[in-house]
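Note sheet for the following structure.
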Amino acid sequence: MTDAASAPVKVNPNAPSAETVIDVEHYTDRLFSFSITRPPAFRFRSGEFVMIGLPAAEGQKKPVMRAYSIASPSWDDKLDFFSIKVADGPLTSRLQKIKPGDQVLLGKKSVGTLVLDALTPGKRLYMFSTGTGIAPFASLMRDPETYERYDKVILTHTCRQRAELSYGLRLTESLRDDPLVGEMIGDKLAHITSLTREEYPLKGRITTLIESGRLFEELGVPALDPATDRVMICGSMDMIKDTKALVETFGLVEGSNSNPGDFVVEKSFVG
Ligand SMILES: Cc1cc2nc3c(=O)[nH]c(=O)nc-3n(C[C@H](O)[C@H](O)[C@H](O)COP(=O)(O)OP(=O)(O)OC[C@H]3O[C@@H](n4cnc5c(N)ncnc54)[C@H](O)[C@@H]3O)c2cc1C
């Protein structure tokens, strides 16, 4: 007969860990960011994503887990995320209510193609993002290795409304005083913002700004060239499809972790 109290406890090595929410910030009724504790054994490369979630709600059997880009760099001792709020979304209808001290589940393994190692060496790194697709680049633009590898790092962020740009704008502004990358950045980082639904100095989708040449005029650089330029793309399925097709017309070739190339893509959500 086995004594229940002394029976060995089965631990699933792949089970997510419960992490503590450190802070939460709301930007609009659709967007918020939060940070959680990072377990010492959790390793990732800047730009990767991981599964995060919440324990099963009442009446549910399983936790709700979703893919999320890690928005903080790999050296940081906490993990940042930038999130959408979907009113009836299985995860974010609840996640948007988290407060410091609450628990969030964190998967064990991170993966992704928006990593520096998936690109061959180049002079300029373009990071094209829409909406929450800025998250992996929020990680990469805080990583010193990004500035060691490239002479110029260009982040573009396109949203519908002005308030949706705040997260990214605040982040780039704070980088100037960042103890680790502040001095390295100098004039290496350019942050280009554009809006599609409100009046703004730069109006239009990123594909429009590339096709018209307006993006390159703003930056004072020649158009995309596989000899010098590397590109990362993160946004909706449509944004990725259109931007990828456009980038290919300039002769850039898609890369991956196993076969680095001139550009890489990753969807920022499915649907
Ligand atoms: C590789 C990868 C990385 C991701 N990284 C992030 C991230 O960093 N931040 C984030 O908020 N989400 C991210 N997502 C989306 C995320 O996994 C969830 O879909 C999102 O959190 C909503 O979850 P939900 O359960 O509330 O609703 P879901 O049932 O997952 O989604 C409901 C609907 O909401 C819309 N939607 C979902 N996510 C978004 C979004 N990010 N922006 C606009 N519309 C959306 C879609 O139309 C979707 O069909 C990522 C997805 C993938 C595949």
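The values are calculated or read from the model by the stated rules, or taken from the named source; none is laboratory data. As the structure is a prediction and not an experimental result, all values here were calculated from the model. Here the Cβ positions follow ideal geometry from the backbone for every residue, glycine too, while neighbour counts run over all protein chains shown. Surface areas here come from the heavy atoms of the whole protein model, side chains and all, with no ligands, DNA or RNA. Shrake-Rupley method; radii C 1.70, N 1.55, O 1.52, S 1.80 Å.
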Pairwise label distance in nanometres, residue 197 with residue 161, each label 7 Å out on the Cα-Cβ vector: 0.7
Computed over the range 116-265: relative contact order in percent, which uses C-alpha pairs under 8 Å that are six or more apart: 32
Most mobile listed residue (70, 233, 192) in the chain, GNM with C-alpha springs under 10 Å: 192
Theoretical FRET efficiency, 1/(1+(r/R0)^6), r = Cβ-Cβ of residue 256 and residue 58, R0 45 Å, to 0.05: 0.60
Whole-number Å³ per residue for the convex hull built on Cα positions in the range 116-265: 101
The chain - percent relative contact order, Cα under 8 Å, separation 6 or more: 19
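Using only DSSP helix segments of four residues or longer, with each worth -39500 (n - 2.57), what per-residue ellipticity at 222 nm results for the chain after dividing by its residue count and rounding to 500?
Rounded to the nearest 500, it is -5000 deg cm²/dmol.
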Values of log10 I(q)/I(0), in the order q = 0.15 Å⁻¹, for the range 17-106 under a Debye, Cα-only, solvent-free model: -0.53
Span per principal axis, largest first, for the Cα atoms of the chain (Å): 77, 38, 36
Filter on 78/108; 10/109; 241/267 - keep pairs with C-alpha separation over 18 Å: 10/109
Where GluC sites (Glu not before Pro) fall in DSSP loop in the range 10-108, at most 15 other Cβ within 10 Å: 58
Alpha-carbon centroid distance for the pair the range 176-208 / the range 70-105, whole angstrom: 24
Full-stretch length increase - residue 148, residue 123 - with 0.36 nm per residue and alpha-carbon distance subtracted: 7.9 nm
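With a cut-off of 8 Å between alpha carbons and a minimum separation of six or more residues, what is the relative contact order of the range 20-98 in percent?
Here the relative contact order equals 31 percent.
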Contour excess over end-to-end distance, with Cα ends at residue 25 and residue 94 and 0.36 nm allotted per residue: 23.3 nm
Accessible area of the range 17-106 divided out per residue, in Å², using a probe of 1.4 angstrom: 49
Inter-probe distance in nm under a simple model that places probes 7 Å from Cα toward Cβ, at residue 86 and residue 12: 2.2
Euclidean distance of C-alpha centroids, the range 14-57 and the range 129-173, integer Å: 19
